[in-house]
Protein chains: 2
Amino acid sequence: MRTTAPSNRSRLRRKYERGRYDKESLYEILDSCLLAHVGYVLDGAPVVTPTLYWREGDHIYWHGSSASRMLRKSAGCEVCLTVSELDGLVLARSGMHHSVNYRSAMLFGTARKVTRREDKIERMRIFVEQMFPGRWEQLREINEQEVKATTILGMPIDEAAAKVRTGGPVDDEEDYGHPVWAGVIPFVPKTPGEPVPDDRQDPGTALPDHVRNYRVAREVS
Amino acid sequence: MRTTAPSNRSRLRRKYERGRYDKESLYEILDSCLLAHVGYVLDGAPVVTPTLYWREGDHIYWHGSSASRMLRKSAGCEVCLTVSELDGLVLARSGMHHSVNYRSAMLFGTARKVTRREDKIERMRIFVEQMFPGRWEQLREINEQEVKATTILGMPIDEAAAKVRTGGPVDDEEDYGHPVWAGVIPFVPKTPGEPVPDDRQDPGTALPDHVRNYRVAREVS
């Protein structure tokens with residue numbers, strides 16, 4: 001994995017921002033989140049679209065309808081796929097040193113279409129199984145029209161930058177005595193609520209383990 | 001507000017994706033979230049950076065260190081600022097009709113620097129006050145070096161698209177009898193946890209209302 005150079009940041013901020021340049025940190029962020037923001041260039045202007053993604057080894061994938069503008073226009077093009085989670089608000093003694101605790105991963109590369117039918121189905125199976133282990137086999141089988149109607153884009157994870165900030169405020173030394181509350185308002189990690197069964201299903205339908213035990217973090221090799 | 005035309009989506013997906021083209025829906029999304037993903041074009045390639053933002057009337061702002069690459073390189077350029085929240089996972093009887101409940105807002109425009117010293121301070125004051133009412137006056141006063149070290153970008157909210165999906169799965173009619181659990185795993189809305197006071201503060205420092213009663217949603221005019 002070739003990581004990007006740390007961006008040129010002011011000394012004031014650098015002391016509490018931390019680049020992470022190892023695979024483990026990057027994959028941990030990717031596997032603990034669900035939503036990515038994919039940026040691409042359309043007629044010279046940037047477009048940023050939210051989408052789910054999944055990781056398989058050192059590749060990242062995202063998908064949608066074959067008619068999606070984002071997927072049609074970004075296939076074969078350079079993209080930036082960013083995954084971020086806001087973990088807390090950091091309140092300092094000066095406005096300047098307020099900050100946020102967060103995790104973010106930026107992946108750069110050229111988005112390639114998964115073209116072979118069998119590869120597309122396998123990617124979709126893995127995506128579903130990572131989210132909901134055991135579910136793929138329980139679903140109504142995918143049909144040819146659906147395979148065609150789905151576009152999957154992917155790229156190797158080889159140019160990436162991860163950033164993580166944790167902990168409390170870092171104030172100017174002379175401000176520590178300033179009489180204002182300082183600290184962190186953490187956010188509760190993303191948590192599933194009570195599952196809501198579809199109105200049209202047989203009320204006797206058992207709740208499967210992949211719903212009962214659903215966790216946001218994915219078990220990815 | 002000039003909203004963008006709905007993107008060209010397949011009939012299969014369109015039935016459960018809903019564009020919202022009124023200001024109220026758009027502002028509601030913006031005011032209930034904190035994190036934006038700003039896309040810009042750097043040497044012809046897209047870059048997507050997460051950042052906090054705030055809304056003042058029909059303008060949107062974001063900020064950071066004046067040394068930030070994102071702020072330096074996107075000032076005066078076209079950007080796409082996207083705000084998204086994932087509200088739930090939608091489990092259908094076929095893989096095809098799995099979906100997510102979400103809210104998203106995409107804003108397009110040219111990012112302009114706030115240049116006047118007084119305007120910058122006023123923007124920062126409003127940003128802090130929207131997040132933490134009453135806090136600005138309690139902080140150590142901002143100094144000239146800090147004003148210079150901070151760059152604020154903004155743009156009018158005049159080209160925008162909002163999307164909201166809610167509700168359960170929409171399956172193919174013939175699949176409703178398929179014996180797999182279908183429904184929604186909702187996510188608990190972003191919630192603040194117990195505030196963590198800074199180690200270095202006087203333990204007698206009172207917890208202010210803007211921390212005790214902190215809510216993610218902002219009261220914005």
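The values are calculated or read from the model by the stated rules, or taken from the named source; none is laboratory data. None of these values were measured; they are calculated from a predicted model. Here the Cβ is made from the backbone with ideal geometry for all residues, glycine too, and neighbour counts use every protein chain on show. These area figures cover heavy atoms from the full protein model, side chains too; ligands, DNA and RNA do not enter into them. Shrake-Rupley method; radii C 1.70, N 1.55, O 1.52, S 1.80 Å.
Some points to look at:
- Filter result for A:VAL180 (of a type in the set (A, V, I, L, M), within 7 Å of another protein chain (Cβ to nearest Cβ) and in a helix (DSSP H, G or I)): no
- Lone unmet requirement of (1) more than 8 Å from chain A (Cβ to nearest Cβ); (2) open to solvent by less than 10 Å² (accessible area, probe 1.4 Å) for B:SER94: (1)
For (1) more than 24 Å from the chain's Cα centre (by Cα); (2) of a type in the set (D, E, K, R); (3) open to solvent by 20 Å² or more (accessible area, probe 1.4 Å); (4) under 25 Å from B:VAL170 (Cα atoms), each residue gets a yes or a no:
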{"position": "A:VAL114", "(1), (2), (3), (4)": "no, no, yes, no"}
{"position": "A:LYS120", "(1), (2), (3), (4)": "no, yes, yes, yes"}
{"position": "A:ARG125", "(1), (2), (3), (4)": "no, yes, yes, yes"}
{"position": "A:GLN130", "(1), (2), (3), (4)": "no, no, yes, yes"}
{"position": "A:PRO133", "(1), (2), (3), (4)": "no, no, yes, yes"}
{"position": "A:GLU137", "(1), (2), (3), (4)": "yes, yes, yes, yes"}
{"position": "A:THR150", "(1), (2), (3), (4)": "no, no, no, yes"}
{"position": "A:LEU153", "(1), (2), (3), (4)": "no, no, no, yes"}
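To keep it simple, each residue is scored yes or no on (1) farther than 28 Å from A:GLY64 by Cα; (2) facing another protein chain (nearest Cβ under 8 Å); (3) not small (Gly, Ala, Ser).
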{"site": "B:THR49", "(1), (2), (3)": "no, yes, yes"}
{"site": "B:LEU52", "(1), (2), (3)": "no, yes, yes"}
{"site": "B:ARG55", "(1), (2), (3)": "yes, no, yes"}
{"site": "B:HIS59", "(1), (2), (3)": "yes, no, yes"}
{"site": "B:TRP62", "(1), (2), (3)": "yes, no, yes"}
{"site": "B:ALA67", "(1), (2), (3)": "yes, yes, no"}
{"site": "B:ARG72", "(1), (2), (3)": "yes, no, yes"}
{"site": "B:GLY76", "(1), (2), (3)": "yes, no, no"}
{"site": "B:VAL90", "(1), (2), (3)": "no, no, yes"}
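- Test: B:ILE185 is more than 8 Å from chain A (Cβ to nearest Cβ) and assigned to a strand (DSSP E or B): no
- Take the conditions (1) at negative phi; (2) over 17 Å from the mean Cα position of the chain (by Cα); A:VAL83 misses just one of them, which is (2).
- Any hit, the range B:190-206, residues being more than 8 Å from chain A (Cβ to nearest Cβ) and either surrounded by 12 or more Cβ atoms within 10 Å (Cβ to Cβ) or among the polar types (S, T, N, Q) (or both): no
- Matching residues in the range B:202-221 - criterion: being at pLDDT below 95 and in contact with a Gly (Cβ under 7 Å, 6 or more places away or on another chain): B:SER221
- Residue match in the range B:155-176 (condition: within 18 Å of A:SER94 (Cα to Cα), at the interface with chain A (Cβ under 10 Å from one of its Cβ atoms), of a type in the set (A, V, I, L, M, F, W, C) and touching a residue at least 24 places away in the same chain (Cβ under 8 Å)): no
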